[in-house]
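**Student:** Mind having a look at this structure? Questions to follow.
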Amino acid sequence: MSRFIAVPSLDRQAWQALSRRGLGGSDAATLVGLNPYDSLPALYARKKGLMEQPATPAMQVGLALEPLVAQLWQEATGKRCRQVRGMYVDGEKDYFRAHVQRKVVGESAGLLAKMAGPFSKLDLKGDKPPDLYMCQCQWAMMVCGFDRMYLAVLSLNGYKLAWWEVAPHRPMIQALRRAGEDFWTRHILLDQAPEPDGSQASAQALEAMLPQPAPGGACLEDQAQLIRRYVDLGGQVDALRKEREALAQRLRLAMDGHSRGQGGGYQVSYVSQRRESLDGSALRAALPQVYRQFLREKTVNALKVTQEEPDVD
């Protein structure tokens, strides 16, 4: 049975410190690989206090619009809800936590109020909520013990409200629970970062965990297979890039000077585009003081793999 921790008022920094002590609903989709904007290494870095979730303008707007979304949902359904000032903690795993924005009056249910921006790619027309929110709803029911969750999403593209009643999905809850236990015990408790997945989120996590290269060298003999695979893929990327460019040239030749063409259900165009760029060398030569005034230097770390020369006796 879950317990409730009352949190009357906390600023963002204090709330993040509290959230680092466990896994919450916003982490659920990341745990099972269904959050395209996050990764396990980034989640690890946040829980370890090595990086923070940035307060983006979209997040700030979404937070400010939560009361409006909740009000619209109440008007659409005739139900009532009240704000929850606190956090639920799982009865078995105290690092399983859930902050449910609002509790539905008279029901064993919570409400998640979300906002989708004008350029959001979330599918809000289906019978089921988007995976990102479905995982959060299932996590909330797992931790809080609710019979159901309601999800309301206000789309700023047309200002339409979509809402769903979400029932517990036992296989998904079990998968989330296993993934959460695995992540916490294997990575957080053992201070072992998960393997990166090539995403931008993982790249940002690595920068946070390894901000500056340390002097000296590392023995990578046990990573020889990984190094060879990296080099092989580099060659394949170069070959694929050349093949793709050759295909582009063949298409241009087939268009026979026309600006547009179609075939196989595709539209192909070859049109002039105006681009502007700054000639740094010319600016530095003509106006060196102005050039130095606007010059910004940035240190960038880059991974480079080169083959060692064989020893010659």
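The values are calculated or read from the model by the stated rules, or taken from the named source; none is laboratory data. Everything numeric in this text was worked out from a predicted model, so none of it was measured. We place every Cβ from the backbone using ideal geometry, glycine too, and count neighbours over all the protein chains shown. Calculation scope for accessible area: heavy atoms of the full protein, side chains included, ligands and nucleic acids excluded. Shrake-Rupley method; radii C 1.70, N 1.55, O 1.52, S 1.80 Å.
**Student:** Taking region 213-233 as the search range and keeping residues that are in contact (Cβ under 8 Å) with a residue 24 or more places away in the chain and under 27 Å from the mean Cα position of the chain (by Cα), which one is most open to solvent (accessible area, probe 1.4 Å)?
**Tutor:** Here the residue is Y230.
**Student:** Also, quick follow-up: May I ask you to list pairs of residues, at least six apart or on different chains, whose Cβ atoms are under 8 Å apart, with the first in region 109-129 being over 11 Å from V153 (Cβ atoms) and in contact (Cβ under 8 Å) with a residue 12 or more places away in the chain and the second being open to solvent by less than 50 Å² (accessible area, probe 1.4 Å) and of a type in the set (K, R)?
**Tutor:** Sorted first by the residue in region 109-129, then by its partner, the pairs are A109/K103; G110/R102; G110/K103; L111/R102; L111/K103.
**Student:** Moving on. Modelled with pLDDT of 90 or more and touching a strand residue (DSSP E or B) at 6+ places or on another chain (Cβ under 8 Å): which single residue out of V237, V231, V268 fits that description?
**Tutor:** Going through V237, V231, V268 in turn, the sole match is V268.
**Student:** So, one more: Might you let me know whether region 174-183 holds any residue that is open to solvent by 60 Å² or more (accessible area, probe 1.4 Å) and either touching a Lys or Arg at 6+ places or on another chain (Cβ under 6 Å) or at positive phi (or both)?
**Tutor:** Scanning region 174-183 turns up no residue that is open to solvent by 60 Å² or more (accessible area, probe 1.4 Å) and either touching a Lys or Arg at 6+ places or on another chain (Cβ under 6 Å) or at positive phi (or both).
**Student:** Turning to a different aspect of this structure: Which residues, counting only those in region 44-82, are acidic (D, E), under 21 Å from D27 (Cα atoms) and open to solvent by 80 Å² or more (accessible area, probe 1.4 Å)?
**Tutor:** Within region 44-82, E52 is the sole residue that qualifies.
**Student:** Would you list the helices (runs of 4 or more DSSP H) that sit entirely within region 219-313 and hold 1 or more residues that are among the small types (G, A, S) and at negative phi?
**Tutor:** Ranges flagged: 224-255, 280-286.
**Student:** What are the pairs, 6+ residues apart or on separate chains, where a residue within region 191-206 that is open to solvent by 80 Å² or more (accessible area, probe 1.4 Å) and outside any loop (DSSP other than H, G, I, E, B) has its Cβ under 9 Å from a residue that is at pLDDT below 95 and not aliphatic (A, V, I, L, M)?
**Tutor:** Close Cβ pairs satisfying both conditions: Q200/Y37.
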